[in-house]
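This report refers to the structure that appears directly beneath it.
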Amino acid sequence: MVTFILIRHGESTDNLHSVWAGWKDAPLSNHGMKQAEALGDFFSDTDFAAIHTSDLKRAYLTAQAILDCQESKETVHLLPSPLLREQHFGVAEGKPYSRSRPDVVSSDLYAQGIYPSPRNRDESFPGGESRSDLRRRAEQAVDEILLPYVWHSAREGNPGVRVALISHGLFIKELIAAFVARDAQGETTDLYYKGLRNTAWARMTVEVQAPGRRKKTVLDDHHPLKVRLTDFDRKDHLKNVVRQQGGIGSSAHDPHQKDIRSFFAGAS
């Protein structure tokens, strides 16, 4: 069995505004960095075999904060991939959300710089992805990134593999749905997998349904799977994380800037 911890990135500067933030590469806010550091501390006793992440800054920096707290961080691989990016919103990237206007065709709204939510899973902003496109990309990530851990774990008789994946809210929703759809019994969870707070996480277990309990099993990639979503929107690590006042918490995090407290303490 493999346990996947699916994590939404820390608060970005775009999360503080009502804009379409997909591939637009906004940094973490200072508060978002605090969230990521608290998350890393929370998972410091969890030995991850690997940490996969979207290559966008807000996810990558969150993943780095987790890696920094791993006891065996020298042997844990941090693996960025564009497959794990958020939905691409095309011409709407960075533009404000707008109210839906069912009486006006979408192309006319876009021509006016108005970008309401697409009306169905197959509609997209020009140059962007639809929700159906996002599902197909999530399925590709399942096949190319996640399932290899499941097959290897089953073949080697290693039931304790844990893998972290840091991504984005809409992508994680589609990834969970894509994985749950692989369950051999067609079982779903009562947990409603929509809406993750920044750095909140979900836990999913996946195992191969193979006969016998031998240490090593001869398998092909067509054996049935048992997929279970056991936790969703967990945010225990955030209970002591407080936003800095005076706009500091909402400012973009600069990893090269010295903490002012260190400066006044005379740190070199």
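All of the numbers you see were taken from the coordinates with simple rules; none came from a lab. Values in this document were obtained by computation on a predicted structure and should not be read as measured data. Cβ sites come from the backbone with ideal geometry, for glycine too, and all protein chains shown count toward neighbours.
Quick rundown of the values:
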| quantity | calculated |
| --- | --- |
| Estimated FRET transfer efficiency when R0 is 30 angstrom, pair residue 68-residue 17 (beta carbons, to 0.05) | 0.60 |
| Alpha carbon Rg of segment 71-155, scaled by the compact-globule rule 2.2 N^0.38 Å | 1.55 |
| Cα-centred dipole magnitude for the chain, charges only on beta-carbon of K, R (+1) and D, E (-1), debye, nearest 20 | 400 |
| Calculated SAXS-style log₁₀ I(q)/I(0) at q = 0.18, 0.21, 0.22 Å⁻¹ - segment 14-149, Debye, Cα scatterers | -1.04, -1.21, -1.27 |
| Kirkwood Rh, Cα atoms: Rg over Rh of segment 1-53 | 1.04 |
| For segment 139-179, convex hull volume per residue from C-alpha positions, Å³ | 67 |
| Lysine pairs in the chain with Cα atoms under 14 Å, if 8 or more residues apart or on separate chains | 5 |
| 103, 236, 133 arranged by Cβ crowding within 10 Å, fewest neighbours leading | 103, 236, 133 |
| Low-density loop positions, GluC sites (Glu not before Pro), segment 30-101 - DSSP coil, at most 12 other Cβ in 10 Å | 71, 74 |
| The chain shape via C-alpha gyration tensor axes, a/c threshold 1.5 | oblate |
| Likely footprinting exposure, 11, 139, fewest C-beta neighbours within 10 Å first | 139, 11 |
| Residue (of 72, 1, 148) at the positive-pole extreme of the chain, dipole from beta-carbon charges | 1 |
| Ascending count of other beta-carbon atoms within 10 Å, so fewest first, for 3, 46 | 46, 3 |
| Within segment 7-35: backbone nitrogen closer than 17 Å to the residue 123 label point (7 Å, Cα to C-beta) | 20 |
| Net length gained if the chain between residue 252 and residue 209 were fully extended (0.36 nm per residue, minus Cα distance) | 10.8 nm |
| Nitroxide proxy distance, nm - points 7 Å out along Cα→Cβ at residue 75 and residue 111 | 6.2 |
| Residue of 256, 88, 77 that the Gaussian network model of the chain assigns the largest fluctuation, springs spanning Cα pairs under 10 Å | 256 |
| R0 of 30 Å, Cβ-Cβ distance residue 98-residue 46: FRET efficiency to nearest 0.05 | 0.15 |
